[in-house]
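Novice: What follows is a single structure, and I will ask about it in a moment.
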């Protein structure tokens, strides 16, 4: 009996793959339409099972995609800059949730990576102070995102080893490395708020590369933006292609009036 249901599940999953193999997200209604002859409750149950098995991932409310946790993660520990590896090793000795974000999670999407850049470290809020002290004891120059006044000072910003961000949703990482959606959002935040050492043109190229290679799921990108507290801003960015030309002209006029 179990084998029978397993075979049915496998057949249904193969059908899903045919529709979603190019990285597309699908809404629950779209998934229902893939197999209109099947009972929606049965389809919903199978989707739930696939999520639990790691075959599918929920990318937003009512949206799903083929699981990309293994291949959408960064290239891995061995490919991070040495400083990031040091931070990773130190953090592994503590019990707090953490992950390395930013450039280290975007390897493969970046043509030029700075030789030595500040590590973006996301930590559970309750452990930030202790983590900051632990890293400082290892002779690392560490600041939290709240210390913006120090981070943006020209005399010190190129010497900072680690910038600590407060994190809430740790499902946005795998193996303690941010998924690409979260890595980009944190990098975007660091560049636009903290004068991080990546130029705006390079940030734009990274974003276009992610979209072109279907390396990010839009709903997951929005989830990452919500965790970083810039949901409205990123919603505008990901919906940009849908905005009519006249509306863009109006927006441009308003920006010039600032």
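Novice: Please find, within the stretch 17-36, the residue that is surrounded by the fewest Cβ atoms within 10 Å (Cβ to Cβ) out of those that are under 13 Å from residue 57 (Cα atoms) and touching a helix residue (DSSP H, G or I) at 6+ places or on another chain (Cβ under 8 Å).
Specialist: 28
Novice: Considering only residues of the stretch 147-161 that are surrounded by fewer than 17 Cβ atoms within 10 Å (Cβ to Cβ) and either assigned to a helix (DSSP H, G or I) or in contact with a helix residue (DSSP H, G or I) (Cβ under 9 Å, 6 or more places away or on another chain) (or both), which is modelled with the lowest pLDDT?
Specialist: Looking at the filtered set, the residue picked out is 154.
Novice: Which condition does residue 57 not pass, out of (1) at pLDDT 85 or above; (2) outside any loop (DSSP other than H, G, I, E, B); (3) within 21 Å of residue 171 (Cβ to Cβ), if it passes all the others?
Specialist: If we test residue 57 against (1) at pLDDT 85 or above; (2) outside any loop (DSSP other than H, G, I, E, B); (3) within 21 Å of residue 171 (Cβ to Cβ), just (1) comes out false.
Novice: Something else: Output the residues belonging to the stretch 202-236 that are surrounded by fewer than 14 Cβ atoms within 10 Å (Cβ to Cβ) and at pLDDT 85 or above.
Specialist: Those that are surrounded by fewer than 14 Cβ atoms within 10 Å (Cβ to Cβ) and at pLDDT 85 or above: 204, 208, 229, 232, 236.
Novice: Which condition from (1) surrounded by fewer than 12 Cβ atoms within 10 Å (Cβ to Cβ); (2) modelled with pLDDT of 85 or more is the one that residue 240 breaks?
Specialist: For residue 240, the failing item is (2).
Novice: Now a separate question. May I ask you to say which residue of 255, 251, 164 is closer than 29 Å to residue 149 by Cβ and part of a helix (DSSP H, G or I)? It would help to see each step written out before you state the result.
Specialist: Working: 251 fails: closer than 29 Å to residue 149 by Cβ; 164 fails: part of a helix (DSSP H, G or I).
Step by step, each of 255, 251, 164 is checked, and only 255 is closer than 29 Å to residue 149 by Cβ and part of a helix (DSSP H, G or I).
Novice: While we're on this one: Looking only at the stretch 171-201, how many residues end up being buried (at least 17 other Cβ atoms within 10 Å of the Cβ) and part of a helix (DSSP H, G or I)?
Specialist: 14
Novice: If we scan the stretch 80-102, do we find a residue that is at pLDDT below 95, over 20 Å from residue 170 (Cβ atoms) and surrounded by fewer than 13 Cβ atoms within 10 Å (Cβ to Cβ)?
Specialist: Yes; the residues of the stretch 80-102 include at least one that is at pLDDT below 95, over 20 Å from residue 170 (Cβ atoms) and surrounded by fewer than 13 Cβ atoms within 10 Å (Cβ to Cβ).
The values are calculated or read from the model by the stated rules, or taken from the named source; none is laboratory data. Because the structure is a prediction, the values reported are computed rather than measured. With ideal geometry, Cβ positions are generated from the backbone for all residues, glycine too; neighbour counts draw on all protein chains shown.
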